[in-house]
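Notes to accompany the following structure.
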Amino acid sequence: MRVFLITMLAIVFVTCAKEDEITENQINNLKQESTISFQNLETLDYFFLPFDLNNNRVSVGLTGGGGNPKGIIFKNNGDYLIKNEWEYIVSLNETNFSSGFNGNGLGVYEYDASGERTELPNIPDEPNFRLFSPNGINSQKQIPVTTNNPGDSPNSYLWNGTDYEEILIPNTNYRIAHDVNELGDVLVETDLGIYIWNQGNSKRIEAIPTNFIPTRFNDSGQIIGNVILPDGIRTPWFYSDGKVELLPINNYLGMTDFFYPRKINNNNLIVGYFKDYEHKETPVVWFQHQDISKEVLAFLTENNYTFNDSGFISCNEKNDIILNVIDLTTNENKTVIFHLNP
């Protein structure tokens, strides 16, 4: 198992009784290393584009080609369920329930642990219902939904298992629901900034500027997203405890102007992709604020794989990562899961 160095802490200066005397403990404290490794690589027996992964190593995503994508639920015992054409399955909870939508933007679906599909009712107040992707589903089976009727600004709702709760935030002209966590908090983008909404109560995240676009968040309230900076690069960012920081992208300067962080877990693991100028997508993995994508690629290469040009990638709370690869021997596309061991 190969071990990769992630960070080297700065030398800690110590004061000594004698300038030329350094104790053994002080020598040990001069250099400290934090290491990670990767293990438990599993190659799935069906290739698909993964949207989400839970702690049971169940995953959901898309399969099919020719412009007719089909939803797929892949179970960790090798069973898989392929749904209808033009059906997207995008989010998964820890009880193996998932959510998806019709590719024509006209229906929201819920899938139980066996893959049985239930079409949720249309939103009563929006007869011309047009859908943005329903991002997220928690253990209470709450699903955030964003609609955009022709000529109208986006509106958001939370499906609570029985009906829809409209996400109303005072003085905002539009509301886009990006995610829901286990607390029932909903991550909402508005024209006035980013809000956390729960049961009618909303709070703006004041530290995040209004031009920052969120994508996902976790149970600790840490948020990821991207923002177009003055240099024109859509740059990934991370919010935690009242502070916003840009994620490191130095390895990709000159290769891209677009980053999309897809998911964050509760352990500071963030997965996403960048899109190069030929529109090819390459996975990016950040852990503890460090870009570890080169280490991920080295691990895959040791196992005779490399990245393919799919930006479909996800992770779970156990630090398992799922993504698409190319088999270097057969040149075939495959989907793999492996574990990050900090």
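Each value in this text was obtained by applying a stated rule to the coordinates, not by laboratory testing. All values derive from a computational prediction rather than experimental measurement. Backbone-built Cβ (ideal geometry, glycine too); neighbour counts: all protein chains shown.
Give me the mean projected area, in nm² to one decimal, of the convex hull enclosing the Cα positions of the chain.
If you wrap the Cα atoms of the chain in a convex hull and average its projections, you get 21.5 nm².
Could you put 310, 240, 139 in order, starting from the residue whose Cβ has the fewest other Cβ atoms within 10 Å?
139, 240, 310
Using DSSP to define loop residues, name the GluC sites (Glu not before Pro) in the stretch 295-342 whose beta-carbon has at most 14 other beta-carbon atoms within 10 Å.
Counting only loop positions with at most 14 other Cβ atoms within 10 Å, the GluC sites (Glu not before Pro) in the stretch 295-342 are 332.
Sorted from largest down, give the three principal axis spans of the alpha carbons of the stretch 134-268, whole angstrom values.
Sorted from largest, the Cα extents of the stretch 134-268 read 49, 38, 24 Å.
For the peptides 269-275, 70-76, what is the packing order when you average, over each peptide's residues, the other Cβ atoms within 10 Å and list the highest mean first?
Sorting 269-275, 70-76 by mean packing, highest first, produces 269-275, 70-76.
How far, in degrees from 0 to 90, does helix 293-302 lean away from the longest principal axis of the Cα atoms of the chain, to the nearest 10?
Tilt relative to the chain: about 90 degrees.
Extending each Cα 7 Å along its Cβ direction at residue 317 and residue 76, get the distance between those two points in nm, one decimal.
1.3 nm
Please give the FRET efficiency for residue 199 paired with residue 302, using the beta carbon to beta carbon distance and R0 = 51 Å, rounded to the nearest 0.05.
About 0.55, to the nearest 0.05.
Among 52, 291, 152, what is the fewest-to-most ranking by other Cβ atoms within 10 Å?
152, 291, 52
Among the aspartates and glutamates, which have Cα under 13 Å from the Cα of residue 280 when same-chain residues fewer than 8 positions away are ignored?
The reachable aspartates and glutamates, counting only those whose Cα sits under 13 Å from residue 280, are 257, 309.
According to the Cα gyration tensor, what semi-axes, each the square root of 5 times an eigenvalue, does the equivalent ellipsoid of the stretch 264-316 have, listed from largest to smallest in whole Å?
18, 15, 10
Can you give the translational diffusion coefficient of the stretch 212-265 in µm²/s, computed by Stokes-Einstein from the Kirkwood radius over Cα pairs at 37 °C and 0.692 mPa s?
Translational D for this selection: 285 µm²/s.
Would any residue of the stretch 208-247 have its amide N under 19 Å from a label point 7 Å out along Cα→Cβ of residue 192? List them or say none.
208-214
I need the shape label for the stretch 208-325. Rule: rounded when a/c is under 1.5, else prolate if a/b > b/c, else oblate, with a, b, c from the alpha carbon gyration tensor.
oblate
Neighbouring Cβ atoms within 10 Å as the yardstick, rank 106, 120 fewest first.
So the ranking, lowest neighbour count to highest, is 106, 120.
Which residues among the stretch 154-191 fall inside the zone where the amide N is under 16 Å from a point 7 Å beyond the Cα of residue 95, along Cα→Cβ?
Flagged as within label range: 159-163, 181-184.
Given only helices, namely DSSP H runs of n ≥ 4 each adding -39500 (n - 2.57), what is the per-residue ellipticity at 222 nm of the chain, to the nearest 500 deg cm²/dmol?
-1500 deg cm²/dmol
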